[in-house]
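Enquirer: Next up is a structure, given as structure tokens.
Read-outs: derived from the displayed coordinates by stated rules, not from any lab. Worth saying up front: this structure is predicted, and the values here are computed from it rather than measured. Neighbour counts run over all protein chains shown; Cβ positions are idealised from the backbone, glycine included.
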Amino acid sequence: MDKMKPTILECDCGIEDNPPFLVVKWFKDDEVVFQWIQGYHPFTTPNFKNSIDTSYVSSEDPNKKYSALALINSTIRTTGKFKCEVQTASNILFRYHRLQVIDLSNYSLDLFHNKIPNGTQLECVLSNMYPRPILRILSKNGDVIKEESNVLENEDGSFNATAVVDVNKTRTRSYSCQVFFQQEIQKVYSLTFNQN
């Protein structure tokens with residue numbers, strides 16, 4: 001398995017030239033996870049020591065050398081709101097990031113079709129997906145036939161979901177099952193089924 005590249009969150013705050021005092025702090029969901037005091041090596045809090053690369057250099061500029069947050073070994077627990085706080089003798093500046101991890105490491109997506117009187121029952125089944133998914137069953141021309149899905153959360157925080165719809169023989173003979181997330185997440189996973 002290839003090693004995952006770190007996720008870099010930049011803290012590009014405009015600060016004055018050569019401040020006599022510079023501290024960069026990163027927060028996740030209002031908890032301090034990383035701190036760099038200019039002139040010293042950065043450090044993380046114990047809960048994040050295996051999740052942040054403190055050796056990552058974001059810039060040759062001495063005022064920005066360790067200002068970025070390099071997240072490693074990201075999991076669904078890494079999802080959250082991050083805030084960068086830059087303190088100088090004359091200013092306190094902030095920058096915000098929202099990080100959403102999509103876990104595809106162990107998911108499966110299946111579209112089953114069962115013969116019923118007067119047509120077919122389509123069942124879209126998704127297992128082990130994060131974040132909370134939305135299932136849609138669509139016709140060949142893109143019409144949404146079903147968007148409701150039964151979603152259950154697993155103990156590890158991942159989700160299973162199913163969507164079921166009956167289609168009769170007068171409708172199109174090609175369908176797809178697609179996985180969507182909230183609007184700000186731009187990933188779609190799809191399977192297609194053609195009736196015989």
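Enquirer: Between P42, T7, N118, whose Cα lies farthest towards the positive end of the dipole of the chain when Lys and Arg beta carbons carry +1 and Asp and Glu beta carbons carry -1, centred on the Cα centre?
Expert: Final value for the positive-end residue is N118.
Enquirer: Per 10 Å bin from zero, what fraction in whole % of the C-alpha pairs of the chain is there, up to the bin with the longest pair?
Expert: All Cα pairs considered, the percentages come to 8, 28, 22, 16, 13, 9, 3, 1.
Enquirer: Enumerate the calculated ³J(HN,Hα) couplings along segment 98-114 in order (Karplus 6.51 cos²θ - 1.76 cosθ + 1.60, θ = phi - 60°), each rounded to whole Hz, writing x wherever the residue is Gly or Pro.
Expert: Each residue's phi maps through the Karplus curve to give 10, 10, 10, 8, 10, 9, 10, 5, 9, 8, 9, 9, 10, 10, 9, 10, 10 Hz.
Enquirer: Which residue fluctuates most in the GNM of the chain (Cα springs below 10 Å): P62, P42, P131?
Expert: In this elastic network of the chain, the residue with the biggest mean-square fluctuation among P62, P42, P131 is P62.
Enquirer: In nm, give the distance between the simple-model label positions of D29 and D143, each being 7 Å from the Cα along the Cα-to-Cβ direction.
Expert: 4.3 nm
Enquirer: Whole-Hz ³J(HN,Hα) for each residue in segment 8-15, computed from phi via Karplus 6.51 cos²θ - 1.76 cosθ + 1.60 with θ = phi - 60°, x for glycine and proline: what do you get?
Expert: Once θ is set to phi - 60°, the couplings for segment 8-15 become 9, 9, 7, 10, 8, 9, x, 10 Hz.
Enquirer: Right, something else. Counting alpha carbon pairs within less than 8 Å and at least 6 residues apart, what relative contact order, in whole percent, applies to the chain?
Expert: Over the chain, the number comes to 15 percent.
Enquirer: Would segment 7-99 count as rounded, prolate or oblate if I go by the C-alpha gyration tensor, calling it rounded below 1.5 in a/c and otherwise prolate when a/b exceeds b/c, oblate otherwise?
Expert: Verdict is prolate for segment 7-99.
Enquirer: Also, quick follow-up: Would you please give the FRET efficiency between D166 and L99, computed as 1/(1 + (r/R0)^6) with r the Cβ-Cβ distance and R0 = 45 Å, to the nearest 0.05?
Expert: Calculated transfer efficiency: 0.65.
Enquirer: Right, something else. Quick one: which of K5/K140; K28/K146; K81/K146; K115/K140 span more than 29 angstrom between C-alpha atoms?
Expert: With Cα atoms farther than 29 Å apart: K5/K140; K28/K146; K81/K146.
Enquirer: Is there a quick way to get the dipole size of the chain? I mean about its Cα centre, with the Cβ of Lys and Arg at +1 and of Asp and Glu at -1; what is the value in debye to the nearest 20?
Expert: It works out to roughly 620 debye.
Enquirer: Taking C-beta distances below 4.7 angstrom as the pairing criterion, name the unpartnered cysteines of the chain, in sequence order.
Expert: C13
Enquirer: Within the chain, what's the longest run with no trypsin sites (Lys or Arg not before Pro) in a DSSP loop and at most 14 other beta-carbon atoms within 10 Å? Give the range, please.
Expert: Between exposed loop sites, the widest span is 50-139.
Enquirer: Here is a further query. Separation of segment 92-118 and segment 120-163 by C-alpha centroid, Å?
Expert: Between the Cα centres of segment 92-118 and segment 120-163 lies a distance of 9 Å.
Enquirer: Shifting gears a bit: Take every Cα pair under 8 Å in segment 1-93 that's 6+ residues apart, average their separations, divide by the length, and report that relative contact order as a whole percent.
Expert: That works out to 38 percent.
Enquirer: Hey, with R₀ at 30 Å, roughly what FRET efficiency would R77 and F21 work out to, going by the Cβ-Cβ distance, to 0.05?
Expert: Using R0 = 30 Å, I get an efficiency of 0.35.
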